[in-house]
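Please read the structure below before turning to the comments.
Computed from the coordinates by the stated procedures, all read-outs in this text should not be read as laboratory data. From a predicted model like this one, the values you see are computed outputs, not experimental measurements. Please note: Cβ atoms are built from the backbone with ideal geometry, for glycine as well, and neighbour counts cover all protein chains shown.
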Amino acid sequence: MKLYRFAVPLLALMSAPVILTGCADLSAQEKTKAEKAEAKKATPQRDRFAAVQIKSEELAPGVAVLFGAGGNIGVSHGEDGTVLIDDQFAPLTGKIQTAIADLGAAPVKFLINTHWHFDHSGGNENFGKEGALIMAHDNVRIRMAGEQTSGRGNDPASPAEALPVITYADGIKLHLNGDMVHVKHMPSGHTDGDSIVYWEKANVLHMGDLYFNKVTLPFIDTNSGGNAVGMLEAANMALEMINDDTKVIPGHGPMATKADLMAYRDMLENVVGAVKSARDAGKSLTEIQAMKPAADYDTNPNAFIKGDAFVEAIWKSLENAQE
């Protein structure tokens with residue numbers, strides 16, 4: 001099994017989608033998200049989350065996953081404190097804290113965001129106010145602070161308590177709870193600030209939204225620096241880090257194996273390759289969408305992202321790569 005070294009010395013699709021702020025030039029993927037967000041505005045936020053249950057699954061001694069609404073949460077707990085990977089939506093913080101306590105874990109001491117989207121960082125302010133040390137890639141803080149000069153970010157900016165305090169360019173290692181936790185930035189995948197998290201001893205990998213498992217085709221946030229080619233590269237890099245016994249936490253969907261992640265990588269490779277070949281042959285986006293290159297994988301009628309939107313995101317990714 002191949003492990004990566006990092007230079008920086010410092011330390012189900014679930015029921016609620018990523019919520020993005022408005023933009024005049026929305027892709028088909030983002031229009032889908034915006035429409036769903038608008039449809040829910042009439043319902044108070046807390047009412048929407050009242051029925052959500054946080055379910056936990058132990059993956060290894062001291063390591064667990066929490067499923068609720070939004071991105072799947074990784075948990076490491078032990079004598080050095082509780083480490084949380086993502087934190088879903090703000091109204092769910094109390095339920096998440098209860099689930100953590102039910103694991104026999106102490107309150108959250110360290111929090112890592114895999115990227116900036118609300119359904120993975122919405123609880124930051126709550127946990128930050130209670131003393132959690134928040135960590136993420138440089139671009140996560142930039143987008144949450146509303147400081148980016150182009151693309152998407154929070155508007156208005158997140159409060160200071162919600163912002164990552166420790167940021168990194170390439171990655172960090174955490175020596176906690178008897179394990180070495182590798183946090184590695186994966187450039188230009190789902191966004192420009194994605195990180196994967198790997199527990200070396202426990203042999204557990206958290207992929208964030210670089211991996212949507214069996215619930216939808218991928219959402220690639222091209223307005224936040226995401227790129228389909230980068231997502232494919234991230235899957236390949238992650239596969240080199242793990243073995244057949246690794247337990248893989250996707251950003252959304254059920255737990256996965258290395259074989260599941262390989263199938264996802266193959267899907268990305270096939271569809272990205274088909275779109276690129278057709279585009280290089282001079283076909284337009286509309287013509288390529290009519291070819292249905294993602295049809296074999298577009299099998300969930302209730303999927304958040306459907307084939308045409310996925311193809312459009314790949315098209316934009318290839319276009320952006322040439323700029």
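If packing is taken as the mean number of other Cβ atoms within 10 Å per residue, what is the order of 94-106, 64-76, 308-320, highest first?
Put in order of decreasing packing, that is 64-76, 308-320, 94-106.
Take residue 53 and residue 130, extend 7 Å from each Cα along the Cα→Cβ direction, and tell me the distance between the two endpoints in nm.
Modelled inter-label distance: 2.2 nm.
What length, rounded to one decimal in nm, is gained on full extension from residue 319 through to residue 290, with 0.36 nm per residue of separation minus their alpha-carbon distance?
Here the segment from residue 319 to residue 290 would lengthen by 8.5 nm.
So who's got an amide H within less than 5 Å of the one on residue 112, skipping anything under 5 residues away but keeping other chains? H placed 1.01 Å off N, in plane.
Counting only residues 5 or more places away or on other chains, the set is 84, 85, 86, 135.
Rounded to the nearest 500 deg cm²/dmol, what is the calculated helix-only ellipticity per residue at 222 nm for the chain, with -39500 (n - 2.57) per DSSP H run of length n ≥ 4?
Calculated mean residue ellipticity at 222 nm is -9500 deg cm²/dmol.
Determine the dipole magnitude for the stretch 28-257: charges of +1 sit on the beta-carbon of Lys and Arg, -1 on that of Asp and Glu, nothing else is charged, the reference point is the Cα centre, and the result goes in debye to the nearest 20. Write down the numbers at each step before the final one.
Numbers: 19 positive and 29 negative charges, 124 e Å.
My answer is approximately 600 debye.
Can you tell me the FRET efficiency between residue 200 and residue 299 if r is taken as the Cβ-Cβ distance and R0 is 41 Å, rounded to the nearest 0.05? Kindly include the intermediate steps, with their values, before the conclusion.
On the way: r = 35 Å, r/R0 = 0.85.
Approximately 0.70, to the nearest 0.05.
log₁₀ I(q)/I(0) of the stretch 39-165 at q = 0.14 Å⁻¹, via Debye over equal Cα point scatterers, no solvent, to two decimals?
Cα-only, vacuum Debye calculation for the stretch 39-165: -0.59.
Using θ = phi - 60° and the Karplus curve 6.51 cos²θ - 1.76 cosθ + 1.60, what whole-Hz ³J(HN,Hα) does each residue of the stretch 248-254 get, with Gly and Pro shown as x?
Result, rounded to whole Hz: 10, 8, x, x, 9, x, x.
So how many Lys-Lys pairs in the stretch 28-257 land under 14 Å Cα to Cα, not counting same-chain pairs under 8 apart?
Taking the Cα cut-off of 14 Å, the pair count is 6.
According to a simple spin-label model (label point 7 Å from Cα along Cα-to-Cβ), what is the distance in nm between residue 283 and residue 244?
3.7
Rounded, prolate or oblate for the stretch 28-257? Axes are the square roots of the Cα gyration tensor eigenvalues, ordered a ≥ b ≥ c, and the cut-off for rounded is a/c under 1.5.
rounded
Rounded to the nearest Å, what's the spacing between the alpha carbon centres of the stretch 233-300 and the stretch 59-119? Just the number, please.
One Cα centre to the other: 28 Å.
Using the 2.2 N^0.38 Å rule of thumb for compact globular proteins, work out how the stretch 104-211 stacks up: its C-alpha Rg over that value, please.
1.04
If each residue of separation counts as 0.36 nm, what is the full-extension length gain between residue 157 and residue 60 once their alpha-carbon separation is subtracted?
Here the answer is 31.2 nm.
Could you tell me the largest-minus-smallest coordinate of the C-alpha atoms of the stretch 230-323 on each of the three principal axes, in descending order and whole angstroms?
43, 31, 18
Can you pull the one-decimal nm distance between simple spin-label points at residue 147 and residue 101, each 7 Å off the Cα toward Cβ?
My value for the distance between the label points is 3.6 nm.
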